[in-house]
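The structure under discussion appears below in the form of structure tokens.
The values are calculated or read from the model by the stated rules, or taken from the named source; none is laboratory data. This is a predicted model, so every value here is computed, not measured. Positions of Cβ are generated from backbone atoms using ideal geometry, with glycine treated the same way; all protein chains shown enter the neighbour counts.
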Amino acid sequence: MKAPVSPKGMVTLRPATAADVPALEALIAASARALGVGYYTTAETEAAISHVFGVDSALVVDRSYFVAEADEALAGCGGWSARRTLFGGDRFAAREDDRLDPATDAARIRAFFVAPTFARRGVGAALLDGCEAAARAAGFTTGALMATLPGVPFYAAHGYVAGEPIAHDCGGVAVPFMPMTKLIAAGR
């Protein structure tokens with residue numbers, strides 16, 4: 001039996017660097033394969049890994065993509081963005097790097113993945129808290145994201161409201177996702 005992660009305050013976040021990307025890509029694939037079981041077929045998972053999931057280097061450059069560490073290990077990753085792209089890593093073709101206007105647009109909550117050994121131990125919550133705080137500090141009052149199916153209950157538990165589900169074509173395989181939004185302004 002594994003010891004639980006220390007209390008939420010013991011999950012540390014730091015901006016990801018280019019040197020972190022290979023380890024993060026491996027974590028993302030492992031997370032999708034392990035935590036997507038029961039939500040996605042193997043074909044859907046592999047298609048999403050090949051065509052959508054992955055690190056968005058624009059977030060790394062912006063210093064808004066974070067590495068979560070707990071118990072001296074890589075425990076997860078996730079970020080937020082003031083760029084128009086809602087989801088997808090570098091290999092995702094439908095990217096828009098235009099800047100958002102905090103007065104009218106929602107900050108993008110992006111690419112959250114937790115190492116399977118750290119699932120349901122506060123890592124995702126620490127990442128989400130950190131990203132929402134950073135987006136608020138940049139003037140955003142709303143957050144928007146594109147959730148994977150296993151992520152929907154997590155985001156809903158943190159106040160995100162689901163929109164209409166979409167199926168995204170990932171190399172000929174339709175993979176379902178759920179757009180979600182939340183007011184993130186202080187006191188909401």
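Sort through V55, V67, V61 and tell me the only one that's of a type in the set (A, V, I, L, M) and free of Cβ contacts under 8 Å to residues at least 40 places away in the same chain. Steps first, please.
Working: V55 fails: free of Cβ contacts under 8 Å to residues at least 40 places away in the same chain; V67 fails: free of Cβ contacts under 8 Å to residues at least 40 places away in the same chain.
One residue alone meets the criteria, V61.
For G9, state whether it is modelled with pLDDT under 95 and in a loop (DSSP other than H, G, I, E, B).
The answer is no for G9.
This table checks each residue for (1) in a strand (DSSP E or B); (2) within 12 Å of the chain's Cα centre (by Cα); (3) surrounded by 19 or more Cβ atoms within 10 Å (Cβ to Cβ).
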position: A111; (1), (2), (3): yes, yes, yes
position: A144; (1), (2), (3): yes, yes, yes
position: G159; (1), (2), (3): no, no, no
position: F177; (1), (2), (3): yes, no, yes
position: T181; (1), (2), (3): yes, no, no
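On the basis of being surrounded by fewer than 18 Cβ atoms within 10 Å (Cβ to Cβ) and either more than 11 Å from the chain's Cα centre (by Cα) or acidic (D, E) (or both), does A134 make the cut?
No; evaluated as a whole, the condition is false for this residue.
State all residues of the stretch 61-78 that are surrounded by fewer than 20 Cβ atoms within 10 Å (Cβ to Cβ) and either of a type outside the set (A, V, I, L, M, F, W, C) or modelled with pLDDT under 95 (or both); if no residue qualifies, say none.
If we filter the stretch 61-78 for residues that are surrounded by fewer than 20 Cβ atoms within 10 Å (Cβ to Cβ), which is where we start, we get 61-63, 69, 71-74.
Once the filter is applied, which keeps residues that are surrounded by fewer than 20 Cβ atoms within 10 Å (Cβ to Cβ) and either of a type outside the set (A, V, I, L, M, F, W, C) or modelled with pLDDT under 95 (or both), the stretch 61-78 yields V61, D62, R63, E69, D71, E72, A73.
Looking at the stretch 90-107, which of its residues are buried (at least 16 other Cβ atoms within 10 Å of the Cβ) and modelled with pLDDT under 75?
F92, R95
Only residues that are surrounded by fewer than 18 Cβ atoms within 10 Å (Cβ to Cβ) and not charged (D, E, K, R): list them for the stretch 30-57, please.
A30, A34, V37, G38, Y39, T41, T42, A43, S50, S57
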